[in-house]
Amino acid sequence: MKFHLFKGIRILFLAVFSLMMIYPLYWLITSAFKTNKEFFARPHSFPTNFSFENFTRAWEVADLGTAMMNSTIVTITATALTVFLGALTAYVLSRFTFKLKAFLMVFFLLGMLIPIHSTLVPLFTMMDQIGLLDTYWALILPYTAFELPIAIFLTVAYMSSIPKELEEAAVIDGNGYWGVFFRIMLPLSVPALSTVAILSFLRYWNEFVFALVFINDSTLKTLPLSLSIFSDGFSTDYALTMAAMTIAVIPTIVMYLIFQEQIMKGMVAGSVKG
Amino acid sequence: MQSNLKLKGLLVITLLPALLLYSFFVIIPIFWSSYYGFFEWSGLGDATYIGLQNYIDVMQSPVFWRSLKNNLIIVAASVFGQVPIALALALMLRKSNWFQIFVRSAVFLPMVISTVVVGLIWGYIYDPEIGVINTVLRAVGLESWTKAWLADPSVNMYAVAVPIIWNYIGPYLIIFIAAIQNIPSEMEEAAMIDGASGWKKLIYIILPNMWTTIKVAVVLCISGSLKAFDQVFVMTGGGPAESTEILATYMYNNTFLVYRYGYGSAVSTMIILLSLILIGISQVLMKRKNEGMTIR
């Protein structure tokens with residue numbers, strides 16, 4: 001009897017706790033479907049009828065189309081660059097022995113310890129001098145650079161577990177180093193590389209502080225930057241702001257629903273190695 | 001010899017792009033930052049060398065010390081919020097039925113949400129009029145407890161810390177669940193035979209076996225919470241009247257709002273030093289047991 005009571009309390013607690021965890025998102029998405037009138041009258045009720053008007057209005061007023069396009073270009077380019085450079089570097093670090101190898105591993109590890117915002121001022125002035133500010137590259141290059149340590153470590157760990165015999169067989173078949181990389185290592189590392197790709201995608205899609213400092217041109221603003229500016233200007237139009245935010249979070253939630261296990265394991269491995 | 005040369009060429013070609021990109025954007029800025037700290041510079045025109053003046057000013061600025069204190073509040077809130085909550089949840093989430101998987105997913109979900117959205121939505125949650133906190137307080141008759149949570153300096157720093165706790169419980173939960181699953185089942189069985197159950201098993205078997213993992217989590221939590229910026233910046237921007245200023249917002253406001261690049265760089269350097277000191281301390285504390293992490 002006592003045992004059942006205990007179990008019941010536990011389940012109740014877990015249920016309430018997870019609802020509390022989800023509530024901010026639930027509120028965000030349901031509010032996006034309300035009119036402002038309904039929102040102010042009953043801010044926490046379930047919407048009486050679902051209107052998509054806020055979404056179309058947010059899309060036009062906040063110019064979310066442009067922001068979505070910019071975010072997509074930056075995220076996809078940087079993700080591709082991260083996966084390729086990460087794989088190439090990991091291939092060399094996991095398959096060859098050379099003098100500087102141990103030093104390089106530590107050198108790349110250092111990057112995970114550095115708080116990103118402490119590099120803002122120097123990066124801003126450095127990029128100003130070489131004319132990178134207000135270009136897509138002002139985001140793509142630093143994003144990739146900061147994600148490389150995690151990409152390299154996840155991929156090195158995976159590549160080290162690929163048996164040496166496969167490589168030797170490929171060499172006997174007449175493949176050089178590049179042949180081994182493109183025909184053997186790259187295809188076999190797809191599980192690790194897809195984790196790297198998913199993590200990079202989420203990180204870049206959501207990144208805020210670099211975009212805030214390095215992008216001033218309104219035609220180049222990414223989604224998080226647009227949202228923060230937009231919410232300042234329309235702070236009383238809650239339903240509209242909520243709709244804009246919903247549009248921004250949906251791609252990441254969809255990714256989470258599809259790749260949940262990979263995202264959890266990847267994020268944990270990335271943070272533990274740091 | 002031929003192939004040795006070819007190998008060296010390959011190493012250079014393959015490593016160079018990543019190495020250059022990484023050094024230029026991650027490592028070199030750190031040194032630039034401490035160098036700029038010696039100059040008085042508004043971002044335009046010439047910089048004037050002023051020696052250690054910026055660093056002295058930083059040390060003498062009361063706002064810097066308040067930011068540091070606020071930063072430590074966030075560190076403490078993360079360590080004493082995220083770790084115990086994640087640990088308690090992990091102890092309750094040892095099975096993999098649909099309900100437990102749902103709870104795990106719900107707890108991890110904020111990790112994939114844009115930090116800007118997190119900041120904005122929590123700003124609304126704390127809103128005195130429409131926010132859920134005051135709405136609930138009014139509904140249960142605690143009208144007198146309602147507050148402007150983000151504006152009232154007596155509570156706003158704690159209010160700011162809550163979304164950061166909420167945001168990052170997930171990874172610790174996953175780490176702890178993995179650690180519990182790694183405890184050899186023979187140990188638990190032996191304990192059962194010895195008559196240990198419930199609390200006794202928790203105190204004598206589970207917690208001692210997780211000690212290393214808990215320490216790792218605390219270290220991660222400290223270094224992670226020093227990186228907090230976005231949520232605070234979006235919610236309050238460090239205000240009102242610098243009451244929620246943390247080191248990163250203090251640096252940002254000085255550099256990009258009032259254009260004191262040299263001073264901002266000096267603050268950046270202090271942030272890096274502080275991180276390295278805290279990481280160094282935690283490394284020393286961790287040294288005794290480095291093994292124990294088996295998460296892949």
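Do we have B:Tyr124 as of a type in the set (Ser, Thr, Tyr) and either in contact with a helix residue (DSSP H, G or I) (Cβ under 6 Å, 6 or more places away or on another chain) or closer than 24 Å to B:Val216 by Cβ (or both) here?
Numbers: of a type in the set (Ser, Thr, Tyr): yes; either in contact with a helix residue (DSSP H, G or I) (Cβ under 6 Å, 6 or more places away or on another chain) or closer than 24 Å to B:Val216 by Cβ (or both): no.
Considered against the rule, which asks whether it is of a type in the set (Ser, Thr, Tyr) and either in contact with a helix residue (DSSP H, G or I) (Cβ under 6 Å, 6 or more places away or on another chain) or closer than 24 Å to B:Val216 by Cβ (or both), B:Tyr124 comes out as no.
Which of the residues belonging to the stretch A:88-110 are within 10 Å of chain B (Cβ to nearest Cβ) and either within 24 Å of the chain's Cα centre (by Cα) or polar (S, T, N, Q) (or both)?
Matches in the stretch A:88-110: A:Leu88, A:Thr89, A:Ala90, A:Tyr91, A:Phe107, A:Phe108, A:Leu110.
What are the residues in the stretch B:151-164 that are open to solvent by 30 Å² or more (accessible area, probe 1.4 Å) and in contact with a helix residue (DSSP H, G or I) (Cβ under 9 Å, 6 or more places away or on another chain), if any?
B:Asp152, B:Tyr158, B:Val162
Which residues, counting only those in the stretch B:35-51, are in contact (Cβ under 8 Å) with a residue 40 or more places away in the chain and in a strand (DSSP E or B)?
Selection gives B:Phe39, B:Glu40.
Identify the residue in the stretch A:7-30 that is under 25 Å from B:Pro163 (Cα atoms) and either more than 10 Å from chain B (Cβ to nearest Cβ) or in contact with a Phe, Trp or Tyr (Cβ under 6 Å, 6 or more places away or on another chain) (or both) and, among all such residues, is most open to solvent (accessible area, probe 1.4 Å). Walk me through it before giving the result.
Filtering the stretch A:7-30 down to residues under 25 Å from B:Pro163 (Cα atoms) leaves A:10-30.
So of that shortlist, the ones also either more than 10 Å from chain B (Cβ to nearest Cβ) or in contact with a Phe, Trp or Tyr (Cβ under 6 Å, 6 or more places away or on another chain) (or both) come out as A:12, A:16, A:26, A:29-30.
Working: A:Leu12: 115, A:Val16: 76, A:Tyr26: 88, A:Ile29: 56, A:Thr30: 12 Å².
Filtering first and then ranking leaves A:Leu12.
Listed residues B:Ala248, B:Ala191; which is at pLDDT 85 or above, among the small types (Gly, Ala, Ser) and either touching a Lys or Arg at 6+ places or on another chain (Cβ under 9 Å) or within 22 Å of B:Pro171 (Cα to Cα) (or both)?
Details: B:Ala191 fails: at pLDDT 85 or above.
The conditions single out B:Ala248.
Do we have any residue at all in the stretch B:228-242 that's over 25 Å from B:Met111 (Cα atoms) and in contact with a Pro (Cβ under 8 Å, 6 or more places away or on another chain)?
yes
Assess whether A:Ala239 counts as being in contact with a Lys or Arg (Cβ under 6 Å, 6 or more places away or on another chain) and more than 10 Å from chain B (Cβ to nearest Cβ).
yes
A quick yes/no check of all residues on (1) of a type in the set (D, E, K, R); (2) at the interface with chain A (Cβ under 9 Å from one of its Cβ atoms); (3) under 36 Å from the mean Cα position of the chain (by Cα):
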position: B:Lys8; (1), (2), (3): yes, yes, no
position: B:Leu15; (1), (2), (3): no, yes, yes
position: B:Ala18; (1), (2), (3): no, yes, yes
position: B:Leu21; (1), (2), (3): no, yes, yes
position: B:Phe25; (1), (2), (3): no, yes, yes
position: B:Phe31; (1), (2), (3): no, yes, yes
position: B:Tyr36; (1), (2), (3): no, yes, yes
position: B:Ser42; (1), (2), (3): no, no, yes
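(1) of a type outside the set (Gly, Ala, Ser); (2) within 8 Å of chain A (Cβ to nearest Cβ); (3) within 30 Å of A:Glu261 (Cβ to Cβ): which one isn't true of B:Tyr124, the others all being true?
With respect to (1) of a type outside the set (Gly, Ala, Ser); (2) within 8 Å of chain A (Cβ to nearest Cβ); (3) within 30 Å of A:Glu261 (Cβ to Cβ), B:Tyr124 is out only on (3).
For B:Lys201, are the conditions met, namely being modelled with pLDDT under 85 and assigned to a helix (DSSP H, G or I)? It would help to see each step written out before you state the result.
Details: modelled with pLDDT under 85: yes; assigned to a helix (DSSP H, G or I): yes.
Answer is yes for this residue.
Among the residues of the stretch A:146-195, write down those that are among the small types (Gly, Ala, Ser) and open to solvent by 30 Å² or more (accessible area, probe 1.4 Å).
Selection gives A:Ala157, A:Ser160, A:Ser161, A:Ala169, A:Gly174, A:Gly176, A:Ser194.
Does any residue of the stretch B:208-216 turn out to be more than 26 Å from A:Val121 (Cβ to Cβ), within 13 Å of chain A (Cβ to nearest Cβ), open to solvent by 30 Å² or more (accessible area, probe 1.4 Å) and assigned to a helix (DSSP H, G or I)?
There is at least one residue in the stretch B:208-216 that is more than 26 Å from A:Val121 (Cβ to Cβ), within 13 Å of chain A (Cβ to nearest Cβ), open to solvent by 30 Å² or more (accessible area, probe 1.4 Å) and assigned to a helix (DSSP H, G or I).
Return the residues of the stretch B:205-247 that are free of Cβ contacts under 8 Å to residues at least 40 places away in the same chain and under 15 Å from the mean Cα position of the chain (by Cα); say none if nothing qualifies.
B:Lys227, B:Phe229
Considering every residue within the stretch B:137-149, establish whether at least one is among the hydrophobic types (A, V, I, L, M, F, W, C), more than 9 Å from chain A (Cβ to nearest Cβ) and surrounded by 22 or more Cβ atoms within 10 Å (Cβ to Cβ).
Yes.
Does the stretch A:108-121 contain at least one residue that is of a type in the set (Val, Ile, Thr), surrounded by fewer than 21 Cβ atoms within 10 Å (Cβ to Cβ) and part of a helix (DSSP H, G or I)?
For the stretch A:108-121, residues of a type in the set (Val, Ile, Thr), surrounded by fewer than 21 Cβ atoms within 10 Å (Cβ to Cβ) and part of a helix (DSSP H, G or I): present.
Which condition number in (1) assigned to a helix (DSSP H, G or I); (2) within 11 Å of chain A (Cβ to nearest Cβ); (3) open to solvent by 10 Å² or more (accessible area, probe 1.4 Å); (4) free of Cβ contacts under 8 Å to residues at least 12 places away in the same chain is the one that B:Glu129 fails?
All conditions pass for B:Glu129, except number (1).
Looking only at the stretch A:31-43, which residues are surrounded by fewer than 16 Cβ atoms within 10 Å (Cβ to Cβ) and either at the interface with another protein chain (Cβ under 8 Å from one of its Cβ atoms) or assigned to a helix (DSSP H, G or I) (or both)?
Across the stretch A:31-43, the qualifying residues are A:Asn36, A:Lys37, A:Phe40, A:Ala41.
Restricting the search to the stretch A:199-258, which residues are touching a residue at least 12 places away in the same chain (Cβ under 8 Å), in a loop (DSSP other than H, G, I, E, B) and open to solvent by 30 Å² or more (accessible area, probe 1.4 Å)?
Selection gives A:Asn216, A:Asp217, A:Lys221, A:Phe234.
The values are calculated or read from the model by the stated rules, or taken from the named source; none is laboratory data. Bear in mind the structure is a predicted one, so any value in this text is a computation, not a measurement. Don't worry about glycine lacking a Cβ; one is built from the backbone with ideal geometry, like all the others, and counts go over all protein chains shown. These area figures cover heavy atoms from the full protein model, side chains too; ligands, DNA and RNA do not enter into them. Shrake-Rupley method; radii C 1.70, N 1.55, O 1.52, S 1.80 Å.
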